[in-house]
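To keep things clear, I will list the structure first and then write my remarks on it.
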Amino acid sequence: MKNQLFDLSGKVAVVTGGNGGIGLGMAQGMADAGAAIAVVGRNEAKSKAAVEDLRQRGVKAIAVATDVTDSSAVTAMVERVANELGRIDILVNNAGMSIRKPPHELELDEWSKVIDTNLTSAFMCSKAAYPALKASGRGKIINIGSMMSIFGASFAAAYAASKGGIVQYTRACANAWAPDNIQVNAILPGWIDTDLTRGARQQVSGLHDRVLARTPAGRWGAIDDFAGIAVFLASPASDFVTGTAIPVDGGYSVMV
Ligand SMILES: NC(=O)c1ccc[n+]([C@@H]2O[C@H](COP(=O)([O-])OP(=O)(O)OC[C@H]3O[C@@H](n4cnc5c(N)ncnc54)[C@H](O)[C@@H]3O)[C@@H](O)[C@H]2O)c1
Ligand SMILES: O=C(O)C(=O)C[C@H](O)[C@H](O)CO
């Protein structure tokens, strides 16, 4: 008999920021395991391309244009996914951004934008999706933290605050929703080659080589590195795993 531990057939996953970068890597992994995917993003051309890629993998996929900092848009997004794909079993809170400045130069509106995008969006999406995840009977939430959930950087005050907050929010929800058989976990990516970190490499002098030097795997991460962990945390294989924050970092967080 086929091993069903990692089988996502019949499941529906919502991936915020799923039209590129780490979100697309996770969406591709879950699609290959059989899940239908709702790609939640703002850039329609990128979302269309992502949906085509996912459909080529033999699953249903839809694009839902949504700004995850807008609470009524988030509510409408969840309703549309449930209507069009029939259910929600997996929510991946992945959308994120950074504004890289020293803390004393960061304006209040910049601080708020980062916290709203990286942390408050996870709260809003999780709260909106909770009834559907509970109805699923086997709900899974995957939140995306960072090395900045563990370490600090002079250019990442708001970003690190948001990513530290994601870990604590994950733990709270894991406790609250365990009785509903919803597992809530976080992934802490190391340094991954995406649009986000292309910006970081332009803005932070020497970053590329510093990351290479302290990553035991000897390379930057790729979006494909997130397919396996997404499938694990979305599937029955992780049914007794909740409240954790798992680094996917080529060893960066264990390097002295
Ligand atoms: N790349 C890395 O090294 C790295 C490391 C640690 C954590 N992360 C986290 O991984 C996640 C994905 O980042 P990435 O590196 O793939 O970068 P990315 O820029 O490719 O992806 C971020 C996605 O979030 C979307 N997004 C941002 N604000 C949004 C909003 N208001 N509404 C809807 N969508 C929005 C973007 O449009 C984009 O699609 C982020 O949470 C990021 O903080 C990335
Ligand atoms: O883009 C930045 O400024 C970041 O800090 C991105 C990530 O969080 C970083 O790769 C560490 O995980």
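What figure in square angstrom, to the nearest 10, would you give for the accessible area of Tyr130 with a 1.4 Å probe?
The accessible area comes out at roughly 60 Å².
Anything over 29 Å Cα to Cα? Flag those among Lys46/Lys134; Lys48/Lys113; Lys11/Lys101, in the order listed.
The answer is Lys46/Lys134; Lys11/Lys101.
Work through the residues other than Ile90 whose Cβ is under 9 Å from its Cβ and net out their charges, Lys, Arg +1 and Asp, Glu -1.
Charge balance in the 9 Å sphere: +1.
Over segment 12-251, calculate the relative contact order: mean separation of alpha carbon pairs under 8 Å at least 6 apart, over the residue count, as a percent.
21
Which net charge results for the neighbourhood of Lys11, defined as the other residues with beta-carbon distances under 12 angstrom from its beta-carbon, given Lys and Arg at +1 and Asp and Glu at -1?
+2
Among Asp209, Asp225, Asp67, determine the one that fluctuates most according to a GNM of the chain built with springs between C-alpha atoms less than 10 Å apart.
Its mean-square fluctuation being the largest, the pick is Asp209.
Net charge near Leu106: determine it from the other residues with C-beta under 12 Å of the C-beta of Leu106, scoring Lys and Arg +1 and Asp and Glu -1.
Counting the neighbours of Leu106, the net charge comes to -1.
Ignoring ligands, DNA and RNA, please state the percent of accessible area on segment 12-251 from carbon and sulfur, probe 1.4 Å.
Heavy-atom surface of segment 12-251 belonging to carbon and sulfur, 1.4 Å probe: 53 percent.
The values are calculated or read from the model by the stated rules, or taken from the named source; none is laboratory data. Just so we're clear, the structure is a prediction, and the values are computed from it rather than from any experiment. All Cβ positions, even for glycine, are placed from backbone atoms using ideal geometry, and neighbour counts span all protein chains on display. Side chains are part of the model used for accessible areas, which takes the heavy atoms of the whole protein and leaves out ligands, DNA and RNA. Shrake-Rupley method; radii C 1.70, N 1.55, O 1.52, S 1.80 Å.
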